[in-house]
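One structure is given here, and the rest of the page talks about it.
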Amino acid sequence: TPTAEARSEMDQKTEEFKEPFYSATEEVTEIKPKADLYGQFEKELFADKLDFQKSDSELEERWVNSADVHGVRYHDDLSDEKFWSHHGNSKERYMELASKIPEVKEQMDSGRSLEDIVTDERLGPCAAQYFKPDNMVKVYQYGDKYMFDSDGRHRVMAAQELGYEIPINLRGVYTSKN
């Protein structure tokens, strides 16, 4: 368990990248095409054609190829420029954050604790945003792919552009009722 000081530091790093939902007042400048797989998933879900099995634990973590996470921008009608700057950050900032994923994973694989990495000035923001259980990208499994649920749209997109695997929180698995 992290010390109170480490938890405080982790929470501070987390606050730097909070990702609230989009407001209804966002200016729409470009309509994004709907992703086929996510559209199929939603159609089957709303037609009650899927069974759902909740994950065994609240925080079932695993590593997935970020390219296998679908639906990140499915309900997003923002232009690329508006998407990346929506939270007052820039695409470059998100790309910089994501670029540290392999190094943080390597550090953790070699035995360094997440609490320690979060306090690292260079790796801390990445560790807090991608690896801290409360901040992990939340997804549902659908076949051999993952459907985006919440939190981390910008982080997923940056990791996808870099071709990285990311840690995710698997909320459950959807399967066809057939």
*Please identify the trypsin sites (Lys or Arg not before Pro) of the range 119-166 that satisfy two criteria: DSSP loop assignment and at most 11 other Cβ atoms within 10 Å. Which are they?*
122
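If you roll a 1.4 angstrom probe over the protein chains with everything in place, what fraction of the accessible area of the range 46-178 belongs to carbon and sulfur, to the nearest %?
Carbon and sulfur atoms account for 42 percent of the accessible area of the range 46-178.
Count neighbours as other Cβ atoms within 10 Å of each site's Cβ, and list the GluC sites (Glu not before Pro) in the range 112-178 that are DSSP loop with at most 10 such neighbours.
Values: sites: 115, 121, 161, 165; in loops: 121.
Counting only loop positions with at most 10 other Cβ atoms within 10 Å, the GluC sites (Glu not before Pro) in the range 112-178 are 121.
Residue 144 to residue 87: FRET efficiency via 1/(1 + (r/R0)^6), r the Cβ-Cβ distance, R0 22 Å, to the nearest 0.05? List each step's numbers first, then the result.
On the way: r = 31 Å, r/R0 = 1.41.
My answer for the efficiency is 0.10.
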*How much accessible area per residue does the range 43-178 have, in Å², with a 1.4 Å probe?*
49 Å²
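At 10 °C and 1.306 mPa s, grab the translational diffusion coefficient of the range 46-178 from Stokes-Einstein with a Kirkwood Rh over Cα pairs, rounded to a whole number in µm² per second.
101 µm²/s
The values are calculated or read from the model by the stated rules, or taken from the named source; none is laboratory data. The structure displayed is predicted, hence computed values, not measured ones. With ideal geometry, Cβ positions are generated from the backbone for all residues, glycine too; neighbour counts draw on all protein chains shown. The area values use the complete protein model at the heavy-atom level, side chains included, leaving out ligands, DNA and RNA. Shrake-Rupley method; radii C 1.70, N 1.55, O 1.52, S 1.80 Å.
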